[in-house]
Amino acid sequence: MSHEGTPLCTDGGACARLRPGRHETEVLVDAGGTDRQRAAVLAHALDHVGVTEFSVWVDQPGGHFDDIAARHGLACIRDLLQLRIALPITETTDLSTRPYRPGEDDEAWLRVNNRAFAWHREQGRLTQADLDERYLEDWFDPAGFLLFEEDDRLLGFCWTKVHHDEDPPVGEIFAIAADPDAQGRGLGRALVTAGLEHLAGLGLTKGMLFVDADNGPARALYDRMGFEVDIRRRLYLPEHDMVATA
């Protein structure tokens, strides 16, 4: 997940952006500026979001930002950590993967993805239409969408993307999962390694990924691999959405 989006308003070093999505609109508040400035751009963005289904992501929320968000009718839901690592890493893998084939692998991939992320608010409800939208993104590259199969059955994947808007460009592990039937075999680490090897092969020197702050097993794995926390990103939802989904 990146903070790409249409800039809506700025105040000093603070900036709020809008990113329309298939299921909801995201309001993105960057890390710059003071809490007061970021509260101002958030309020302006909420006044102009123009939809009822939206979420708010805030980078590096200060100590008082939860109270500020609550005054705007928002409840804190989760913290997402952006982890970074220098490339290439010393670890290697002999896991055999192949590039994704748009149109041919869609059904199998959606099945594995939605099974693996059944607990996840966003990633676990993807449809063919969502996948078709990804194909249209400037960053989409099937060569960096790695699939692991066994006996002609898809068991795991590592989907990478490159952020060319950063200087120097940064490679991201955009999504990674193993089918629940294949868990416990160490596929996660092997798939991450395969993804980082692919990104390093493109000449990139920085890799990154996002993980939920409370996902202890995943964080322990990434710590062991040498990832370090770079940004904390907090998700807020309108309180009426929390009542509806409780």
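When segment 47-96 is limited to residues that are basic (Lys, Arg) and at pLDDT 85 or above, the one that is nearest to GLU239 (Cα to Cα) turns out to be ARG78. Summed over segment 202-219, residues that are within 17 Å of ASP141 (Cα to Cα) and open to solvent by 70 Å² or more (accessible area, probe 1.4 Å) total 1. The set of residues in segment 33-46 that are open to solvent by less than 30 Å² (accessible area, probe 1.4 Å) and either under 20 Å from ASP230 (Cβ atoms) or not in a helix (DSSP H, G or I) (or both) contains only ARG38. Here GLY103 passes the criteria (1) over 25 Å from THR6 (Cβ atoms); (2) assigned to a helix (DSSP H, G or I) except the one numbered (2). Candidates in segment 66-106 are the residues that are out of contact with any helix residue (DSSP H, G or I) (no Cβ under 8 Å at 6 or more places or on another chain) and closer than 18 Å to ILE176 by Cα; of these, the one that is surrounded by the fewest Cβ atoms within 10 Å (Cβ to Cβ) is ASP94.
When segment 124-156 is filtered for residues that are more than 16 Å from PRO20 (Cα to Cα) and in a helix (DSSP H, G or I), the ones remaining, listed by number, are GLY124, ARG125, GLN128, TYR135, PRO142, ALA143, GLY144.
So that you can scan it fast, the table gives a plain yes or no per residue for (1) of a type outside the set (Phe, Trp, Tyr); (2) under 22 Å from LEU87 (Cβ atoms):
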| position | (1), (2) |
| --- | --- |
| GLU104 | yes, no |
| TRP119 | no, no |
| GLY124 | yes, no |
| LEU146 | yes, yes |
| ASP152 | yes, no |
| GLY186 | yes, yes |
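When ASP165 is tested against (1) closer than 27 Å to ASP79 by Cβ; (2) of a type in the set (Asp, Glu); (3) surrounded by fewer than 15 Cβ atoms within 10 Å (Cβ to Cβ); (4) at pLDDT 95 or above, just one condition goes unmet, and that condition is (4).
The values are calculated or read from the model by the stated rules, or taken from the named source; none is laboratory data. Quick caveat, the model's predicted, so the values are computed rather than measured. No Cβ is skipped: glycine too gets one built from the backbone with ideal geometry, and neighbour counts run over all protein chains shown. To get the accessible areas, we keep the full protein, side chains included, count just its heavy atoms, and leave off ligands, DNA and RNA. Shrake-Rupley method; radii C 1.70, N 1.55, O 1.52, S 1.80 Å.
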